[in-house]
Amino acid sequence: MAFKGFTPKMVSFFKGLKKNNDRTWFGAHKGQFDEFVRGPMVEAVCAVNDKLRGFAAEYVSEPAHKALYRIYRDTRFSKDKTPYKLHIAAHFQRRGIPKNAGAGYYFAVSHEGVEVGGGMYMPGPDELAAVRGAIAAGPKAFDKIFNDRKTAKLAGPLLGDKLKRLPKGYEHLAGTPVEEAVKGKQWYWFATLPVAVAMSAKLVREVVKRFEATRAGVDWLNDAVLTATRSGEGEEGKVTRPEPMW
């Protein structure tokens, strides 16, 4: 069956949770969460999976519920100790790369709207080294993909935190066109859509449209990680810092 959208009860649930973000309230409304938030989100993920099979099959999440993030917040290192997130989100990652190590696709739904992202958000040191080396080795290819106007029109401009200085081993790139890109600690696109989209049959189409727009960048980032992994030294094939080509 085609996904028809969330109902107003999703909005009501998150508004209630915002006012009463505690375990007692959530426990009393767990049935509403399952029926009006988590259940429809699993259906939306199934519909997105069906579309991904046509252009990015290696990112399909099976079973579908595995794509969902937990509603529970990790409060160990946060001053905000409220236990629950005010949205429900799903992540589609490439098979063969550990969770959060590579690039992927993301969308979230809440009472405030829909968020859609694509790219690399939490790379570790090995993945950072792989991507920076690939940027230095192929600056024109990077620029063509990551500064594409059509992509920016749909998915927003390229975002991500950066170092203040060039990382060690890349100082010779100071003043070159790739200086800022190599300083990157993240590379991703992020767009927001009104909550009305979540409550309509348009949701899957609008999400997938932005996944398709960022596909070239997501694949490029993951190819950089996989290439470095295959060429890495050591028994475990860990990623090593590629030598810049110029």
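The values are calculated or read from the model by the stated rules, or taken from the named source; none is laboratory data. Worth saying up front: this structure is predicted, and the values here are computed from it rather than measured. Because the Cβ atoms are built from the backbone with ideal geometry, glycine has one as well, and the counts that use them run over all protein chains shown.
A compact table of results
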quantity	calculated
Test set (1) under 30 Å from GLU127 (Cα atoms); (2) surrounded by 17 or more Cβ atoms within 10 Å (Cβ to Cβ); (3) in contact with a strand residue (DSSP E or B) (Cβ under 8 Å, 6 or more places away or on another chain) - ILE97 fails condition number	(3)
All positions within the range 1-41 that are of a type in the set (A, V, I, L, M, F, W, C) and crowded, with 17+ Cβ neighbours inside 10 Å	PHE3, PHE6, MET10, VAL11, PHE13, PHE14, LEU17, PHE26, PHE33, PHE36, VAL37, MET41
Hits in the range 184-201 - residues which are under 20 Å from the mean Cα position of the chain (by Cα) and of a type outside the set (Phe, Trp, Tyr)	GLY184, LYS185, GLN186, ALA191, THR192, LEU193, PRO194, VAL195, VAL197, ALA198
Qualifying residue in the range 46-55 (condition: hydrophobic (A, V, I, L, M, F, W, C), surrounded by fewer than 14 Cβ atoms within 10 Å (Cβ to Cβ), closer than 27 Å to ALA196 by Cβ and at pLDDT 95 or above)	yes
Filter result for PHE92 (at pLDDT below 95, farther than 19 Å from GLU112 by Cα and aromatic (Phe, Trp, Tyr))	no
Some residue of the range 173-195 being in a loop (DSSP other than H, G, I, E, B) and farther than 15 Å from ARG132 by Cα	yes
Output for the range 21-60, where each listed residue is within 24 Å of the chain's Cα centre (by Cα) and small (Gly, Ala, Ser)	GLY39, ALA44, ALA47, GLY54, ALA56, ALA57
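Table: residues versus (1) at pLDDT below 95; (2) among the hydrophobic types (A, V, I, L, M, F, W, C); (3) over 30 Å from GLY217 (Cα atoms).
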position: LYS15; (1), (2), (3): no, no, yes
position: HIS29; (1), (2), (3): no, no, yes
position: GLN32; (1), (2), (3): no, no, yes
position: GLU58; (1), (2), (3): no, no, no
position: SER61; (1), (2), (3): no, no, no
position: ALA67; (1), (2), (3): no, yes, no
position: ILE71; (1), (2), (3): no, yes, no
position: THR75; (1), (2), (3): yes, no, yes
position: ASP80; (1), (2), (3): yes, no, yes
